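Asker: Starting off with a structure, shown below.
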Amino acid sequence: MVLYPYDILRLKNALGMDSQTFMNGHTRLAQGVHPYFPTVMLRLNDQKACPFLDEKGCKVYDDRPSACRTYPLERAVDRNPSRGRDQEFYFLTSHSYCLGHQEDKQYTVTRWVRDQRLHEYNVMGDLWAGMDTLFGTNPWRGEGANGPRQQMAFMVCYDIDGFRTFAESQGLLGRFRLDKSTRRGIATDDAELLKFGFDWLKLILGGQSSLVPK
């Protein structure tokens, strides 16, 4: 199962780990949809099962990844600039091992999204999709794989604790025009720092960023 940056942020906080400890213990890298940036996947246990399942069920249920929350739906987004807004689609999947399909209770998509608290995951997922699209243009051409800018991008996306340390040591926030509420959010909330990190990466990699330098 693919883990996205926000999934990792939520899981490492739920487990009381720093980002690097979580990445080293629970993930593996794989080839992504394009050759310019790796995909992070959940590392299964020795029984080829999710490491967060025990006899009582999911140990990280409140912070489970977006794929777990969305299932048995799958989400797709049609991004058409000429239309002026993105259009969201959901597809219903069915697998014999999911006993939920045998239940009588029915949900609308809107209710399922609300009940599974998917909104924040979807927002962060859409921001990540924009980053992955930028990475797919090979913005670090000339460096080769694992070059300095690619390592920086990987740290921002998957090592939020390392990025926080870097941002503080470099006085990164002080280089941009940020209002007080934004600064406060970044200082106290990993998700807000991740959003800032995405915008900062867009700026240094040649994408369209909302950050305004001082």
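Quick note: the coordinates plus some simple rules give every number you see, no bench work behind them. Worth saying up front: this structure is predicted, and the values here are computed from it rather than measured. With ideal geometry, Cβ positions are generated from the backbone for all residues, glycine too; neighbour counts draw on all protein chains shown.
Asker: With Cβ to Cβ distances under 14 Å as the rule, what net charge do the other residues near Arg175 carry (K, R +1; D, E -1)?
Answerer: +1
Asker: Please work out how many pairs of lysine residues in the chain are eight or more positions apart (or on different chains) and have Cα atoms closer than 20 angstrom.
Answerer: Working: Lys12/Lys59; Lys12/Lys195; Lys48/Lys56; Lys48/Lys59; Lys180/Lys195; Lys180/Lys214; Lys195/Lys214; Lys202/Lys214.
Step by step, the pairs that qualify in the chain add up to 8.
Asker: Helix-only estimate, please: 222 nm mean residue ellipticity of the chain, summing -39500 (n - 2.57) across DSSP H runs of length 4 or more and dividing by its residues, to the nearest 500. Walk me through the numbers on the way to the answer.
Answerer: On the way: 9 runs with 93 residues, N = 214.
So the helix-based figure for the chain works out to -13000 deg cm²/dmol.
Asker: If you don't mind, another one. Treating only the Cβ atoms of Lys and Arg (+1) and Asp and Glu (-1) as charged, compute the dipole magnitude of the stretch 1-65 about its Cα centre; round to the nearest 20 debye.
Answerer: Numbers: 8 positive and 7 negative charges, 23 e Å.
In total the dipole reaches around 120 debye.
Asker: Just rank Cys98, Cys157, Cys50, Cys68, fewest to most, by other beta-carbon atoms within 10 angstrom.
Answerer: Values: Cys98 11, Cys157 24, Cys50 18, Cys68 15.
By the 10 Å Cβ count, ascending: Cys98, Cys68, Cys50, Cys157.
Asker: Another question, then. Positive end of the charge dipole of the stretch 46-114 (Lys, Arg +1 and Asp, Glu -1 on Cβ, about the Cα centre): tell me which of Tyr61, Gln47, Val109 has its Cα farthest that way.
Answerer: Val109
Asker: May I pose another question? Give the label of the value calculated from the structure for log10 I(q)/I(0) by the Debye sum over Cα atoms at q = 0.12 Å⁻¹, choosing from (i) -0.64; (ii) -0.73; (iii) -0.55.
Answerer: Computed from these coordinates, log10 I(q)/I(0) by the Debye sum over Cα atoms at q = 0.12 Å⁻¹ corresponds to label (ii).
Asker: Now a separate question. Kindly provide the pair-distance distribution of the stretch 127-204 built from C-alpha pairs, with 5 Å bins from 0 and whole-percent values in order of increasing distance.
Answerer: In whole percents, the pair-distance histogram is 3, 14, 27, 25, 17, 10, 3, 1.
Asker: Could you size up the charge dipole of the chain around its Cα centre, putting +1 on the beta carbon of Lys and Arg and -1 on that of Asp and Glu, and report it in debye to the nearest 20? Each step should come with its number before you reach the end.
Answerer: Numbers: 28 positive and 26 negative charges, 114 e Å.
Approximately 540 debye in magnitude.
Asker: Given a 10 angstrom Cα cut-off, can you work out which residue in Glu120, Glu88, Glu192 is the most mobile in a GNM of the chain?
Answerer: Checking each option, the largest mean-square fluctuation is seen for Glu88.
Asker: Next up: Strictly greater than 11 Å: what percent of every Cα pair in the stretch 169-211 meets that?
Answerer: Every Cα pair in the stretch 169-211 considered, those over 11 Å come to 66 percent.
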